[in-house]
Structures are given as structure tokens and as C-alpha cells.
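Worksheet for the structure shown next.
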Amino acid sequence: MRFSHLNSEHDRAAFDCGVPELNAFLKNHATQYIKRGMCAVHVFSEGNVVIGYFTLSSLSLKPTTFPANITKRYPQKMSVPCWLLGRLAVDIRFKRQGIGVRLLMAAFSQVLELEQRAGGFCLVVDAKNESIKPFYLKFGFKPVLDDELRLYLPVSSIKEMNAQASMVYSQ
Ligand SMILES: CC(C)(COP(=O)(O)OP(=O)(O)OC[C@H]1O[C@@H](n2cnc3c(N)ncnc32)[C@H](O)[C@@H]1OP(=O)(O)O)[C@@H](O)C(=O)NCCC(=O)NCCS
């Protein structure tokens with residue numbers, strides 16, 4: 001199994017995560033989104049079989065989106081630079097095998113690299129519904145102030161998790 005950017009070798013037609021709009025995005029829209037610079041599509045695959053994918057793009061939010069104690073040092077007239085995990089999906093044949101978490105970890109790694117090169121306060125995700133929220137809350141995501149389904153995780157928290165994981169692996 002390997003991670004790569006979406007390419008023409010991947011069999012998109014066979015992908016089924018159980019959510020029609022996320023299947024349709026991969027099959028019908030992903031290439032155009034990439035060409036137009038709207039997001040990057042990262043794929044976890046075995047041969048040409050797509051096991052799961054996620055998208056990343058940039059996003060700017062008003063400082064008032066976040067609790068004041070977090071963004072009080074941001075100039076209030078400027079927007080806060082963020083990264084958006086726009087879509088995350090695992091094929092139903094591979095669900096509940098830890099792939100969703102591996103995709104999230106891969107997204108975290110990408111965000112750490114992006115932050116080094118281009119800044120960014122946090123990773124944002126729009127939960128599809130209330131029932132999926134616990135999947136993200138377990139990693140420390142919190143709702144923004146003006147939208148219960150929009151969750152954010154500061155890059156500083158991702159760095160802490162990364163440092164803790166490195167310590168465990170080096171022991
Ligand atoms: C959500 C999704 C990505 C999870 O992928 P997965 O590979 O099945 O998840 P994992 O096996 O890595 O599960 C990790 C943990 O999340 C929990 N989890 C998985 N799916 C969940 C869901 N739909 N709701 C709440 N918790 C969920 C698991 O119980 C597991 O917890 P545990 O380790 O304590 O048992 C996958 O179910 C999916 O593609 N769903 C359809 C698309 C979707 O809803 N995407 C989210 C858009 S916001």
C-alpha cells in the first residue's frame with residue numbers, strides 16, 4: 001500500500017466509500033479541481049485500487065471564527081491562514097481497519113510540511129454530520145465558534161502529537 005497524488009493509473013470507477021458525493025468527486029471532478037489549483041488529492045492505494053483519499057487546500061478565516069484567547073495576537077483586520085481537509089473517504093471494503101486514521105496522519109504530515117513552507121494556524125475539517133464528529137474530536141479537533149460542524153486543530157497541537165509519537169518510536 002502506498003500514498004501518492006491521484007494519477008491516471010488509479011481505478012476511480014471502482015471506488016465506493018458509501019457516500020455518493022465523495023465517490024462522484026473522485027470519479028468526475030478531482031482532475032478538474034487539481035488542474036484549476038483548487039485542491040491536492042492524496043490517495044492511499046494498492047496497485048491501481050484506491051483504498052482511500054483525502055483533499056487538502058488553503059483557506060482563510062476571520063479571527064472571530066476562533067476563541068479570543070487563541071487569536072488575540074492576530075491582527076483583527078487580517079484573515080487567519082488555515083489548511084482545509086476538504087474530503088476524507090475510505091472504500092467500504094477497507095473500513096474499520098485503521099485506514100481512516102492513517103489518512104488523517106498523512107494529512108497531518110502534509111500540514112506540518114506546508115506550515116514550514118507557507119505558515120498556517122490550523123487544519124480545518126467540515127464534518128459531514130454530527131455522527132462523524134467523534135472521529136475527529138478524538139484527535140483534539142474542536143468546533144469553531146460560528147459553525148458546529150466545522151472543526152479545527154491548531155498546527156501547534158499537530159506538532160505536539162508528532163513529537164509525542166517520535167518519542168514513543170525512539171524508545
Ligand atoms: C469516516 C471514515 C473515513 C473512517 O474510516 P475508517 O478507515 O473506517 O476508520 P478507522 O478504521 O481508521 O477508524 C478509526 C476510529 O474511528 C472510528 N470511526 C470510524 N468511522 C466512524 C464514523 N463514521 N463515526 C464515528 N466514528 C467512526 C472507529 O470506530 C475507530 O475508533 P476505534 O479505534 O476507537 O475503534 C470512513 O468511514 C468513510 O470513508 N466514511 C464515508 C465518508 C465520510 O463520511 N467521510 C468523512 C467526511 S467528514
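Given Phe25, Phe44, which one is farther than 23 Å from Glu160 by Cα and touching a helix residue (DSSP H, G or I) at 6+ places or on another chain (Cβ under 7 Å)?
Phe44
Counting only residues that are small (Gly, Ala, Ser) and within 12 Å of the ligand (Cβ to nearest atom), which one in region 74-92 is farthest from Phe135 (Cα to Cα)?
The qualifying residue farthest from Phe135 (Cα to Cα) is Gly86.
Looking at region 93-106 only, could you name the residues that are within 8 Å of the ligand (Cβ to nearest atom) and either more than 24 Å from Val144 (Cβ to Cβ) or at pLDDT below 95 (or both)?
Passing the criteria: Phe94, Lys95, Arg96, Gln97, Gly98, Ile99, Arg102.
Out of all the residues in region 69-82, which are outside any strand (DSSP E or B) and either buried (at least 16 other Cβ atoms within 10 Å of the Cβ) or within 24 Å of the chain's Cα centre (by Cα) (or both)?
Once the filter is applied, which keeps residues that are outside any strand (DSSP E or B) and either buried (at least 16 other Cβ atoms within 10 Å of the Cβ) or within 24 Å of the chain's Cα centre (by Cα) (or both), region 69-82 yields Ile70, Thr71, Tyr74, Met78, Ser79.
Quick one: is Phe15 over 28 Å from Glu115 (Cβ atoms) and either assigned to a strand (DSSP E or B) or not hydroxyl-bearing (Ser, Thr, Tyr) (or both)?
Criteria met by Phe15.
Sort out which residues of region 85-102 are surrounded by 12 or more Cβ atoms within 10 Å (Cβ to Cβ) and either in a strand (DSSP E or B) or under 18 Å from the mean Cα position of the chain (by Cα) (or both), and write them in order of number.
Those that are surrounded by 12 or more Cβ atoms within 10 Å (Cβ to Cβ) and either in a strand (DSSP E or B) or under 18 Å from the mean Cα position of the chain (by Cα) (or both): Leu85, Gly86, Arg87, Leu88, Ala89, Val90, Asp91, Lys95, Ile99, Gly100, Val101, Arg102.
Specify the residue that is farthest from the chain's Cα centre (by Cα); the eligible residues are those in region 46-68 that are among the small types (Gly, Ala, Ser) and under 17 Å from Gly86 (Cβ atoms).
Here the residue is Ser60.
Collect the residues in region 107-138 that are of a type in the set (Gly, Ala, Ser), away from the ligand (no atom under 11 Å from the Cβ) and over 15 Å from the mean Cα position of the chain (by Cα), keeping them in residue-number order.
Ala118, Gly119 - these are the residues of region 107-138 that are of a type in the set (Gly, Ala, Ser), away from the ligand (no atom under 11 Å from the Cβ) and over 15 Å from the mean Cα position of the chain (by Cα).
Among the residues that make up region 31-46, is at least one of them aromatic (Phe, Trp, Tyr) and in a helix (DSSP H, G or I)?
Scanning region 31-46 turns up at least one residue that is aromatic (Phe, Trp, Tyr) and in a helix (DSSP H, G or I).
The values are calculated or read from the model by the stated rules, or taken from the named source; none is laboratory data. These numbers come from a predicted model, not from an experiment. Ideal geometry is used to build each Cβ from the backbone, glycine not excepted, and the neighbour counts take in all protein chains shown.
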